[in-house]
Amino acid sequence: MSIDVKPYSDSDKSRKEQITEMFDSIAPSYDFLNHFLSLGIDILWRRKAIRMLKMQSPERVLDIATGTGDFAIEAMRMKPKEVIGLDISPGMLEVGRAKMKKKGLENLIRMELGESEKLPYPEAFADAITVGFGARNFENLEKGLSEMHRVLKPGGRAVILEPSFPRSFPMKQLFGFYFQYVLPLLGRLFSKDSHAYTYLPASVAAFPEGKDFLEICRQAGFQKTSWHPLTFGICALYLLEK
Ligand SMILES: C[S@@+](CC[C@H](N)C(=O)[O-])C[C@H]1O[C@@H](n2cnc3c(N)ncnc32)[C@H](O)[C@@H]1O
């Protein structure tokens, strides 16, 4: 399954190429906008997700769709021996590498170019996997999830964060208005890419949520799965175990 929403409707390029281009273009403003548009709550979501992995004391953590590496940095709280951040966008990785250097983390967090559907790692490579706001962009969701299952150690855990639409009044209406109108406007004002923050609500709407998403995870091989709505349901945390 792939989400049939592309950032640039007037372009002939494939979805994967368009997504890479979009993230390359918003990379310089991504961190600022991400924290600004979520009022900093995204940091708390990543922290909560990491707490679900911490009891297993993973030594090697793989952060897929790492972008500028915020989840990889958060994973350092578990004191792993190494963290690998993988992403398809050279622009996001460049910003991420500069951030790691500034924080003195460049020897602990490796930022690598690659794609979720073809992870360049052997079976049972990682003790834990994180994916923050990236699964929605995968070219092929099932393939990306099967690859995660392949490279995860037996008994290991993966956490996935994705934005989601709240279902009850008044958050449903408030968030709907913010997501459909305010966020694209702010995104247009502050980032160089006018399409990126229109693509965001469209891709969230097209992405399978809750039990539907867990079913796809089970088909990819994950036996134990659970779903945790965060902050009135505006974010979904999925916990998967191999
Ligand atoms: C919204 S950003 C999330 C970045 C980071 N994980 C975070 O929590 O802020 C999504 C990232 O997914 C990456 N991405 C999209 N499709 C991908 C794929 N097929 N394989 C690997 N990374 C991908 C993009 O380049 C982008 O950096």
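Considering (1) in contact (Cβ under 8 Å) with a residue 24 or more places away in the chain; (2) surrounded by fewer than 21 Cβ atoms within 10 Å (Cβ to Cβ), the lone condition that Leu141 does not fulfil carries the number (2). Does the range 26-72 hold any residues that are assigned to a loop (DSSP other than H, G, I, E, B), within 14 Å of the chain's Cα centre (by Cα) and more than 18 Å from Ala126 (Cα to Cα), and which are they? If the condition is that a residue be assigned to a loop (DSSP other than H, G, I, E, B), within 14 Å of the chain's Cα centre (by Cα) and more than 18 Å from Ala126 (Cα to Cα), then Gly67, Thr68 are the ones that fit. Hey, among Lys153, Lys143, which residue is among the basic types (Lys, Arg), at pLDDT 95 or above and away from the ligand (no atom under 15 Å from the Cβ)? None of the others qualify; the one that does is Lys153. Take the range 156-184 and flag every residue that is part of a strand (DSSP E or B), within 16 Å of the ligand (Cβ to nearest atom) and either without any contact (Cβ under 8 Å) to a residue 12 or more places away in the chain or of a type outside the set (Gly, Ala, Ser) (or both). Selection gives Val159, Ile160, Leu161, Glu162, Pro163. Only one entry in Phe125, Phe133 is within 12 Å of the ligand (Cβ to nearest atom) and out of contact with any Cys (no Cβ under 7 Å at 6 or more places or on another chain), namely Phe133. Looking only at residues of the range 96-133 that are among the hydrophobic types (A, V, I, L, M, F, W, C) and assigned to a helix (DSSP H, G or I), we find that the one that is nearest to Leu53 (Cα to Cα) is Met100. Arg136: touching a helix residue (DSSP H, G or I) at 6+ places or on another chain (Cβ under 6 Å), assigned to a helix (DSSP H, G or I) and under 20 Å from Glu209 (Cβ atoms), yes or no? Judged against the criteria, Arg136 is a match. Return a yes/no flag: does the range 97-109 have any residue that is buried (at least 18 other Cβ atoms within 10 Å of the Cβ), near the ligand (Cβ under 9 Å from one of its atoms) and on the phi < 0 side of the Ramachandran plot. No, every residue in the range 97-109 fails to be buried (at least 18 other Cβ atoms within 10 Å of the Cβ), near the ligand (Cβ under 9 Å from one of its atoms) and on the phi < 0 side of the Ramachandran plot.
The set of residues from the range 57-73 being within 14 Å of the ligand (Cβ to nearest atom) and more than 10 Å from Thr130 (Cα to Cα) comprises Gly67, Thr68, Gly69, Asp70, Ile73. Taken together, Leu93, Leu86 contain a single residue that is assigned to a strand (DSSP E or B) and either within 10 Å of the ligand (Cβ to nearest atom) or polar (S, T, N, Q) (or both), which is Leu86.
For the range 123-133, does any single residue satisfy the condition of being out of contact with any Pro (no Cβ under 8 Å at 6 or more places or on another chain) and over 23 Å from Trp227 (Cα atoms)? There is at least one residue in the range 123-133 that is out of contact with any Pro (no Cβ under 8 Å at 6 or more places or on another chain) and over 23 Å from Trp227 (Cα atoms). When Lys79 is tested against the conditions (1) closer than 28 Å to Gln18 by Cβ; (2) surrounded by fewer than 18 Cβ atoms within 10 Å (Cβ to Cβ), the lone failure is (1).
Does the range 26-41 contain at least one residue that is in contact (Cβ under 8 Å) with a residue 24 or more places away in the chain and touching a Gly at 6+ places or on another chain (Cβ under 6 Å)? Yes. Only one of the numbered conditions (1) under 21 Å from Tyr178 (Cβ atoms); (2) crowded, with 17+ Cβ neighbours inside 10 Å is not met by Phe36, and that is (2).
The values are calculated or read from the model by the stated rules, or taken from the named source; none is laboratory data. Predicted model, so just to flag it, every value in this text is computed and none were measured. FYI the Cβ positions are ideal-geometry reconstructions off the backbone, even for glycines, and counts take in every protein chain you see.
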